[in-house]
Structure formats: structure tokens, C-alpha cells
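Remarks on the structure that follows.
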Amino acid sequence: MTEASSQTGRRHVPVLSQDVIRYLAVREGGTYLDCTLGLAGHASQIARLLGPKGHLIGFDRDPKALELAGERLKALAEELGDQMPKVTLIGEAFSSVAQHIEPGSLDGLLADFGVSSMQIDEAERGFSFQADGPLDMRQDTRQGLTAAQVVNEMDESDLANLIYEYGEERRSRRIARAIVRARPVTMTGQLARIVAGSAPALKSDRIHPATRTFQALRIHVNRELDEIRQLLEAAPKLLKPPSSSHSARIVVISFHSLEDRIAKDVLKELAAKGIWTVLTRKPVIADEAETDRNPRARSAKLRAAEKTEPGQNGAKQQYQDQGSGRQLTGFAQLAPASKSKDKRKQQSGKKPRLRK
């Protein structure tokens, strides 16, 4: 077994996988874009449903991730044989999709934001302080700026503002001052110790005190929030116009509040213009069973929208989540609201309660 194939065989559990397929409404023969291919976990599930007339397109700006995803999809092709859809892999940032995808050609678009499990697990990539490695944090190792350059060259005031804005860290000034005094800072473990020493964990904290600082640096190095906004604003032009039988959909998964806020706001803005029908009034989250299997799913939030028929003016279709009794469930199902249930509630004189 080659190194690549052995790595593709590592445990890799895509988050909210059942919800992704359900909200995308994947249909045979369609064309679907996975903007954040990673190790092709979601992409492989989509490919299984497309059939030989379907087309799967995958983007990833991380060259190693693209290589490993390619190996996994080749293995899937051997398994599916003549039922494997056409696959196109593109090694670019997802913000550039409009330069590579034909307008009005997609039945669905998926984006799973943030850093991948593979990147976190590899100490040499510098994304995590769980294992000591060089301060890098570049998703695209071909780009220039590294986290080490940021912490060693940025002005203390600018560094504090960066940590506050992108990490939502209230003690950012104290942390920035400690980093500047400790320069040069070159390793992840070194940075984690500096942050923890200057801003120890509070009793209410459930995360390591360096987590927010690492998040801020990663977002800055990779321009993540700008990339997300560019993708979400470009997406409507890439999706097929609605038909009588099918409407194209977008599904996005976020892992922290800044990503989710952008997804929520952009979808809402475009829905107000009649471009989307938002399918998730609140974000879908994993249930307890999934978080037990995959702890990374704890912070995942899924939002979805459907391309609107011109002239609908953003009128919302009525959907409700079915399943566990909570609206936010890892195994949500879309289904029209039950008329008989609503009728019974009206007859009882009681107002229907919204699920929390």
C-alpha cells in the first residue's frame, strides 16, 4: 500500500453526512460541486448517488489534500465500476469557483469551512498545538505568508486587534504583548505556552487558552472569511435555474461563530432579494450519537438554501425538521408541515409552539 493510499484509508468521518445528502437533495445524473474536498468524505457519498451520467467537481487549495482525495476517489471508482460518475478535481481556492465553473451548470454546491482533520493531525502543518510543529498554518503551502511571519513581524497593536477580531479573544492585548516579548516564536508548542502563560484558562473555559489565538492566526493567514463571502456571493450564478421537478441547492457547514455569521447573513441578504429560499431557519447541528462518534462534529453548524424561482420574491417554503424532537438534530429530515396536525391544534384553541 502506498503512503497516499494508506493515508486515505485513515479514519475519516465527514460531519453531518446524512444531513448534507438530504439537504443537497442529491439526484442521479446531476452535477455537484464540493468546494472543500479534504479527504473526499462528503464527495464520496455524493458520488455514490450520481451514477455514470453524473459529474462530481472537487476544489481544494491544499495540494496534499487534493492528492489524497484523488486516491480515495480512484478507489471508489474501482468499487463502483461503470456506475462511477465523471470526476473533476481542481487545485484552487474555492473563492475562485466562478473562474472555473460554467454559470448555471450546478445542481448543488457544498462547502465545509475551516481546517480539515488531516491538516490538524499533521504537526508539520502547524495548525494545532496538540503536537509540536513549525508555525505554518497555510492551507495552500504554495502561498507565502505563514503564521510565524505574522507573530514575529506584525505590530503589537495590530496583532492584538487580529486576535480580538478573528479569535474573539477578550484578553488579546495581554496575549499580543507576551508574544512580542517572547520573539522569535517559531513552534506551535512555544506559542501555546506563551498564550497560556499570559492568559490562563478561566473556570468557565472548556477549551485550551491558546485555541482562540490559533484560530485567529489561521483565519488571517488563509483569508478565510473573505474567501467564504466571495464563494457565497458567487454561488447563485453557478447553480441551475429552478425547474418544475428540481431546484438547485447550497449547503454550508461552519465550525465557529464568525463563519456561521457570514453564512447566515449572506443567505438572508440574498433571500431578501428573491435569490434563495432558506431551508434552515436555525442551523442544523449534530445529535449526541454523532458527537460521540466524531467529537469534531460538536461545533459544526449546517445551513442550506434553495435557488428561488424568478418572481417569487424570496417567498419561503414551509419545512420542518423531523426526528429527535429537537429542531437542531444531526439527522434532520425535510418534510412539508403536516396539515392534519395543524388543524388539530387550531381546533384545540392552542397556539402551536415553536421547537427550541
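Quick notes on this structure:
- Length released on extending from ARG293 to ARG142, taking residue separation times 0.36 nm less the Cα-Cα span: 51.0 nm
- Segment 12-44 and segment 194-209 have Cα centres separated by 36 Å.
- Pairs from the list LYS282/LYS307; LYS86/LYS273; LYS53/LYS301; LYS237/LYS268; LYS268/LYS307; LYS53/LYS282 with a Cα-Cα gap above 24 Å: LYS86/LYS273; LYS53/LYS301; LYS53/LYS282.
- Here each label is just a point 7 Å from Cα along the line to Cβ, and for ARG27 and GLU122 those points are 3.8 nm apart.
- Segment 213-314, accessible surface, carbon-and-sulfur percent (1.4 angstrom probe): 47 percent
- If R0 equals 56 Å, the separation of the Cβ atoms of SER243 and HIS208 corresponds to a calculated FRET efficiency of about 0.70.
The values are calculated or read from the model by the stated rules, or taken from the named source; none is laboratory data. This one's a predicted model, so the numbers in the text were calculated from it and none came from an experiment. All Cβ positions, glycine included, derive from the backbone under ideal geometry; neighbour counts span all protein chains shown. Surface areas here come from the heavy atoms of the whole protein model, side chains and all, with no ligands, DNA or RNA. Shrake-Rupley method; radii C 1.70, N 1.55, O 1.52, S 1.80 Å.
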